[in-house]
Amino acid sequence: MLKKHSTLLILLSLAILLTVLTDGIFISPRNLTNLTRQISLNGILAVGMTLVILISGIDLSVGSVVALAGIIVGISQSHWGLENWGIWGTFGSVILAIAVGVLCGFFNAYWMVKHNITSFITTLGMMVIARGLALIFSGGIAIAPMSTELQGIGNGYIPPVASLILIGLVLASWIYISWGKLIQKPFILSQKTGQVSLSSLLASLPATLFILIGFLSLSYVFFSYRGIPIPVFILALVAYAGHFILSRMTIGRYIFAMGGNLEASRLCGVPMGKVTFFVFIVMGGLAGLSGLILTSRLNGAIPTAGNLFELDAIAAVVIGGTSLMGGVGTIWGSILGAFIIGTLNNGMSLMNVPTFYQMVIKGLIIILAVLFDSRSKQNR
Amino acid sequence: MTPPLLSLHQVSKSFGKVSVLEDISFEGQSGEIVALVGENGAGKSTLMKIISGVWPEGSFSGSLKILGETVQLLSPKDAQNKGISIIHQELHLVSELSIAENIFLGREPHRWGIVDWQALFKNTDTLLKELDLSFSSQTAVKHLSVGEKQLVEIAKALSLKAQILILDEPTSALTEKETQSLFKALKKLKSEGVLCLYISHKLSEVFEISDRICILRDGKLVSSYPTPKTTSDQVISDMVGRTISEIFPEGSLTQRKTSLGKEALRLTHLTCRDKNGNSILKDVSLSVHEGEILGIAGLMGAGRSELILTLFGATPFSIEGEISLFGRSFRPTSPRHAIEAGLALLTEDRKLSGMIPERPIRDNMTLACLKQFSNQKIIDGKQEKTLVERFITQFKIKTQNQETEIVHLSGGNQQKVLLARWLLTKPKVLFLDEPTRGVDVGAKAEIYQLICELACQGVAIILISSELPEVLNLSDRIAVLNQGSLTGVLDQSLATQEKIMSLATC
C-alpha cells in the first residue's frame, strides 16, 4: 500500500512538514486555493507530457509554444480588436490560442513521422522557432490589455455554492460507477466470487476512505474561500480527458503499446504515425491552452513567458512515476507530481526562502523523489 | 605424453528446470581443428559460452582444464587472458575505427595515457602480415567486407596470444572465396599449434577443414569421429536420431487430410532483396491451402523468418514475383495491411517483438483486434472482458486475473496469450514462427493441440520450427529452405529427419 502510493506519501509528508514550519499558514483555505491555481498550468502541461513520455518521446517546445500562443492571444485582443467583442472576442482568442498550439504540435509530429527525426531534435528546433516567432510577432515587448471576460479565465472562480454542487455531483457519479454494481446485485457477485469479493472490498476500503476524505477536504477548502479557481476546473477536465483516453480508448492502448514495445506494436498493426500525431497535437493544444490562461492571468502577453515550463512538466511526469523509457505511467501520478513541485514552490515562498535557493532545493527534491520512487518499486 | 590443451570433464548446465548440457567430456589437442555440429538448440552455443567464460565458473557443474591444470574462468576477459578467444556469429567490431584500433581496442600501446600510434600501426601490420593479409592497418573497418572483418577478428585473437580459438558459424555470411581465405588462415594457425573449435551447419566445409567431428544432440555429446573415417550420412543421422516424443496429437493429421479447402496463399517465383541488392530469398514458389499446415524447415539464417515477415509486410525488402491470396494478387505494404487482409503472425521472439511486457494480459491479447469491440474508438470494456475471459479458460492460461502483467506469466502462458491475440483477429492464414520456443513440455502439447484444432477449422497455417519432430508431426507438407532458396517440398508421409537435414545442408 505504502509502496504503491509512494508519490502520494511524499506529497502528504511534504504538506504536513510545511504546515508545521509555517504555523498553519500553508493549510489555510486561502493558501491551498492559491496553491491549486499555481499548479494548474503545470498540471495541464503535465497531462500532455504524460502522453508524450508514454510513447517514449519528449517535448522540449512546450514553454515556447505557451509564449507564442500567449502572444497570439494578446495580438488578437489588442491589435485586432477582439477585446471589444466581449464574450465572442474571448471565444475567438481561445480558439486561436489552441489552434496555434495544435499547429506547433503538428509540425513537431510531421518531422518525426514522415522523416524519422527523433522527438528530442524536432521539439528542440520547435522550441527555438516558437520563441523566435513570439518575439517577432510581439516586436519583443509585452502586449496588453485584455478584455475583462478574457481576464476571467485566469483569475475567476466558480462561486462557492456552485463549486460545492459540482464536487457533490462528481462524488455521486464516482460512487455510482465504483459501487453501483455492488448495490444492484450484491447477491450475484458474492455468490460468484465468494469470500474473495469480501476481502477485496475490505482491501479497497482504505483507498475509498482516503478518496472520500480527499473530496470532503476539497469541498471545505473551496467552499470556505472563494470557490474553485477556473484554471483548476480546466485542469480537472483535462486530467479526466487524459485519463479517459488512456484507460478507455483504443488510442490509449496504442500509446502504452508503442512505449512498451515498438516492434511488437508495429507487427500488431498499431497505426504508429497516427498515434504520434495525436499525442503531439494534444500536447501542443494543451500548451496553447496554457498560454491563453497565463496571458489571461497576467492581463498581458509577454514573449519571454513560459521559460522552462517544459522542464517543470517533465519533472512532474517523472516524479509521478512515469518511465522515461515509455510504456508505464498514469495521469494521476503526473498530477501528484505537479502538486509536489507546486507545494515546494508555495511552501518555500511562504517561508521566505530566497528565490535562488529555492531553485537549488527544488532540483535536489526532484532527484530525491525519483530515487525514492524507483527504490520503492524495486522492493515491491 | 603431454596433457591435452583443453579438456572438459563432465560439464552440465541447466536453465531453471531445463537441462541444456548433460555430462559433456571432451579433449582437444594443440594443432587440431575440431568441428562441432548439431541441430539448433542442441547445446553448441551454450558449450562454447562455457569454454569462453560467458557462463562463468559456478553457473555450471563439471571442470575445465588447460594443459592438465584446472582453470576457473570468471569472465570472457579472464578467458582471453588464459588464451581462449571466441569469434561470434555476429561480429563485434567498431565500424568507424581503423583495423589497428579495433584489434587493440582497450589495450592500445600508450605512454602516460597518450596512444602511441606508431607502435599501434606497426604491431598491427606485423599481425596482418602473419596472416598473409594485404590491407593496411589504417583502413577503417567499415570499408571491409564481412569476410575481411572475420579475418580481422582472427588477427585480434592472434594478438591476444590465443591458444584456443572458437569460431561460431564463421562462414554463414561469407562467399566461397572468402571462405577459402579463412580456411587458409585457420590452417596457418593450426600449424602454429592453436586448437580451433569450429561450429558450423555446413557439413561440406566441416569435412574439408576439420580433423575431428563431434556431434551434439539434446545437450549430450553423442559421438566423435576422426573426419576421414566418417561420412556425412553418418553425421546427419547422429544429429537427428532422437526418439519422437509422445506429445503430438494423435490421429489429427489423417482426420484433417480429407478436409483440405481451397488454395489460400500462393507464391510464384518470389525473390526478395534487401536495400543493398543482396537477395534474401531466391525464386521461392509455394502454396498453402485452407486447413493445411505447411511446415518450413531450414537452418538458422536460411530465410525462414524473412519469408513470413515479408509476406506480413514487415520487411523493407523489394519483392519480385507474384503473391496471391485466395486467388487475388496481394502486395503486403505494412503489418496493418496484412492483418486486414486476414493474415496473422506469431513472431519468433516473444520478448523482442511479441509482448508488451508491463501491460496486462487483457491489453496484450486484444491489441491487434481492438476495432472489433470499440465504438467511436471507445473500448467496450465489458465485451472485451468477457472475450478475454473466454480465451483464458479455453487456452487454460494460468493466471489470477486478466489484469496481471504478462511479464509475470510463464513462457508457455505468455505464448498462449499471444496466440489468442492472433486468433482474435480471425485470421485466414496464420504464420507461426517457432511457436514453442522457450515453452515447457506440458504447454507445448497444449499449443500443438490448438494448432491442429485451428487447421481443422479451416485456417491455413505456415509453421516454422527448428525442432524437426515438431515440423514432421504437425505438417501436412514440409518445405525446406536453404540459404534463401527452396530446396524441396516433402509430403508428410515421405519426409524423414534425414531427408530434411540433407536438403537443408546441401
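The values are calculated or read from the model by the stated rules, or taken from the named source; none is laboratory data. These figures come from a predicted structure and were not determined experimentally. Counting neighbours? That spans all protein chains shown, and the Cβs are built from the backbone with ideal geometry, glycine included. The area values use the complete protein model at the heavy-atom level, side chains included, leaving out ligands, DNA and RNA. Shrake-Rupley method; radii C 1.70, N 1.55, O 1.52, S 1.80 Å.
Whether a residue is part of a strand (DSSP E or B), surrounded by fewer than 17 Cβ atoms within 10 Å (Cβ to Cβ) and at pLDDT 85 or above was assessed, and B:SER85 does not pass this test. In region B:322-348, of all residues being touching a residue at least 40 places away in the same chain (Cβ under 8 Å) and among the acidic types (Asp, Glu), the one that is farthest from the other protein chains (Cβ to nearest Cβ) corresponds to B:GLU322. Would you be able to say whether some residue in region A:190-213 is at pLDDT 60 or above, β-branched (Val, Ile, Thr) and open to solvent by 60 Å² or more (accessible area, probe 1.4 Å)? Within region A:190-213 (the criterion being at pLDDT 60 or above, β-branched (Val, Ile, Thr) and open to solvent by 60 Å² or more (accessible area, probe 1.4 Å)), the answer is yes, since at least one residue qualifies. When residues in region B:144-201 are screened for being aliphatic (A, V, I, L, M) and farther than 17 Å from B:SER52 by Cα, 11 of them pass. Does B:ALA420 qualify as being aliphatic (A, V, I, L, M) and open to solvent by 10 Å² or more (accessible area, probe 1.4 Å)? Considered against the rule, which asks whether it is aliphatic (A, V, I, L, M) and open to solvent by 10 Å² or more (accessible area, probe 1.4 Å), B:ALA420 comes out as no. Regarding B:GLY31, is this residue free of Cβ contacts under 8 Å to residues at least 40 places away in the same chain and either part of a loop (DSSP other than H, G, I, E, B) or on the phi > 0 side of the Ramachandran plot (or both)? Spelling it out, it is not the case that B:GLY31 is free of Cβ contacts under 8 Å to residues at least 40 places away in the same chain and either part of a loop (DSSP other than H, G, I, E, B) or on the phi > 0 side of the Ramachandran plot (or both).
Residues checked against (1) closer than 29 Å to A:SER323 by Cα; (2) in contact with a helix residue (DSSP H, G or I) (Cβ under 7 Å, 6 or more places away or on another chain); (3) assigned by TED's automatic domain parsing to the domain that holds A:SER290:
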| position | (1), (2), (3) |
| --- | --- |
| A:SER64 | yes, yes, yes |
| A:GLU83 | no, yes, yes |
| A:PHE91 | no, no, yes |
| A:VAL102 | yes, yes, yes |
| A:GLY105 | yes, yes, yes |
| A:HIS115 | yes, no, yes |
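Each residue in region B:209-234 was checked for being touching a helix residue (DSSP H, G or I) at 6+ places or on another chain (Cβ under 7 Å) and closer than 23 Å to B:GLU176 by Cα, and 7 pass. Taking B:LEU490 as the residue in question, decide whether it is crowded, with 17+ Cβ neighbours inside 10 Å, farther than 22 Å from B:LEU370 by Cα and without any contact (Cβ under 8 Å) to a residue 24 or more places away in the chain. Taking the combined requirement at face value, the residue satisfies it. The residue that is farthest from B:GLN457 (Cα to Cα), counting only those in region B:288-312 that are open to solvent by 20 Å² or more (accessible area, probe 1.4 Å) and of a type in the set (Asp, Glu), is B:GLU306.
For region B:406-431, the tally of residues that are at pLDDT 90 or above, out of contact with any helix residue (DSSP H, G or I) (no Cβ under 6 Å at 6 or more places or on another chain) and not in a helix (DSSP H, G or I) stands at 5. The C-beta contact set for region B:1-12 (first residue of a type in the set (D, E, K, R), second residue crowded, with 16+ Cβ neighbours inside 10 Å and not in a loop (DSSP other than H, G, I, E, B), distance under 6 angstrom, 6+ apart or interchain) is empty. On the given criteria, is A:MET325 surrounded by fewer than 21 Cβ atoms within 10 Å (Cβ to Cβ), among the hydrophobic types (A, V, I, L, M, F, W, C) and at pLDDT 90 or above? No: the conditions fail for A:MET325. For region B:361-400, a residue qualifies if it is in a helix (DSSP H, G or I), among the β-branched types (Val, Ile, Thr) and more than 10 Å from every other protein chain (Cβ to nearest Cβ), and the qualifying residues are B:ILE361, B:THR386, B:VAL388, B:ILE392, B:THR393.
One residue stands out among those in region B:157-189 that are basic (Lys, Arg) and over 26 Å from the mean Cα position of the chain (by Cα): the one that is least open to solvent (accessible area, probe 1.4 Å), which is B:LYS188. Restricting region B:190-239 to residues that are touching a strand residue (DSSP E or B) at 6+ places or on another chain (Cβ under 6 Å) and in a loop (DSSP other than H, G, I, E, B), the residue that is most open to solvent (accessible area, probe 1.4 Å) is B:ASP211.
For region A:31-47, a residue qualifies if it is polar (S, T, N, Q) and either buried (at least 24 other Cβ atoms within 10 Å of the Cβ) or closer than 18 Å to A:VAL318 by Cβ (or both), and the qualifying residues are A:SER40, A:ASN42.
Of the residues making up region B:270-290, those that are touching a strand residue (DSSP E or B) at 6+ places or on another chain (Cβ under 7 Å) and either at pLDDT below 90 or more than 24 Å from B:ILE451 (Cβ to Cβ) (or both) number 11. Residue-level analysis places B:GLY412 among those that are more than 13 Å from chain A (Cβ to nearest Cβ), in contact with an Asp or Glu (Cβ under 6 Å, 6 or more places away or on another chain), farther than 22 Å from B:ILE339 by Cβ and open to solvent by less than 80 Å² (accessible area, probe 1.4 Å).
Determine, yes or no, whether B:VAL37 is surrounded by 15 or more Cβ atoms within 10 Å (Cβ to Cβ) and under 27 Å from the mean Cα position of the chain (by Cα). Taking the combined requirement at face value, the residue satisfies it.
Taking the listed residues A:GLY342, A:GLY337, A:GLY333, A:GLY363, the one that is closer than 23 Å to A:GLY48 by Cα, without any contact (Cβ under 8 Å) to a residue 24 or more places away in the chain, assigned by TED's automatic domain parsing to the domain that holds A:ASN261 and in a helix (DSSP H, G or I) is A:GLY363, with no other qualifying.
Among the residues examined, B:GLU358 qualifies as open to solvent by 10 Å² or more (accessible area, probe 1.4 Å), in a loop (DSSP other than H, G, I, E, B) and within 10 Å of chain A (Cβ to nearest Cβ). Within region B:112-126, does at least one residue satisfy the condition of being free of Cβ contacts under 8 Å to residues at least 12 places away in the same chain, of a type in the set (Gly, Ala, Ser) and farther than 16 Å from B:ALA157 by Cα? There is at least one residue in region B:112-126 that is free of Cβ contacts under 8 Å to residues at least 12 places away in the same chain, of a type in the set (Gly, Ala, Ser) and farther than 16 Å from B:ALA157 by Cα.
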